[in-house]
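The structure under discussion appears below in the form of structure tokens.
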Amino acid sequence: MNVSERLNLFHWTESEYDRILNFWRKSSRRERLAIWLVRSLPPLFFVVYSVQLCLMGWVALSSGFAAEQCTALIGAMVFPAGCLFISGLLRRKINRKRPYEQLSIRPLVQKKGGKSFPSNHTASAFVLALTMFRLSAILGWGMIILAAVTGLSRLAAGLHWPEDVLAGAGLGLLCGAVGLIIL
């Protein structure tokens, strides 16, 4: 049994994916909403993250490059980068097929095959959400909710297995929490 097969903890069946995909395809409005979520949330995170880094850089500059402000800024860059690095290593090592490659389902959005574990989009969303807590707890919690929606949208679109999304969320939360604790 290879690593990919051992990860089949919460595998959904074809009928479970069909039920979810049919829900979204029941009306063109629903389908457009689901596709919009899948395509729009990841860029939204990176726009918000870019603004956050600019604000943190401004605070560091305004404080005369105080150690605490500079450390927070560096941490906000290092821990998300580390999370994506780890995720990329896992994806290359495991090279897990996506649900639509193993089942007869048609995802809402077409993607290249393979490398679905862990979900990079979900990991990124969660680690970036946790970095937001350096600026604002309210914004941080809002980003956590959007990160959860990001993971669920990847699952509902037929792009990932439940384990992919759970592992991505766990990796993002772990890297983000370590960053908040250490720095």
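Throughout, read-outs are computed from the coordinates displayed, never taken from laboratory work. This is a predicted model, so every value here is computed, not measured. Note that each Cβ is placed from the backbone with ideal geometry, even for glycine, and that neighbours are counted across all protein chains shown.
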>> Number of Lys pairs in segment 2-121 with C-alpha atoms less than 19 angstrom apart, excluding same-chain neighbours closer than eight positions?
In response: 5
> Helix 120-131 versus the longest principal axis of the chain: what is the Cα-based angle in degrees, 0 to 90, to the nearest 10?
Replying inline: 30 degrees
> Rounded if a/c is under 1.5, else prolate if a/b is larger than b/c, else oblate: which is segment 32-146, with a ≥ b ≥ c the root eigenvalues of its Cα gyration tensor?
Replying inline: prolate
> Normalised by the number of residues in segment 7-113, what is the relative contact order in percent for Cα pairs under 8 Å and 6+ residues apart?
Replying inline: 35 percent
> Listed highest first by mean packing, meaning other Cβ atoms within 10 Å per residue, what order do 170-176, 70-76, 104-110, 116-122 come in?
Replying inline: 116-122, 170-176, 70-76, 104-110
>> Tell me the angle of helix 67-94 to the major Cα principal axis of the chain, expressed in degrees between 0 and 90 and rounded to the nearest ten.
In response: 20 degrees
> If contacts are Cα pairs under 8 angstrom and at least 6 residues apart, what is the relative contact order of segment 65-183 in percent?
Replying inline: 34 percent
> Taking the chain as a Gaussian network, where each spring joins two C-alpha atoms under 10 Å apart, which residue of 32, 96, 154 fluctuates the most?
Replying inline: 32
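Quote to one decimal, in nm, the extra length available between residue 31 and residue 106 on full extension: 0.36 nm per residue of separation minus the C-alpha distance between them.
That works out to 25.7 nm of additional length.
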>> To test your reading of the geometry: what angle, between 0 and 90 degrees and rounded to tens, separates the Cα axis of helix 28-62 from the longest principal axis of the chain?
In response: 20 degrees
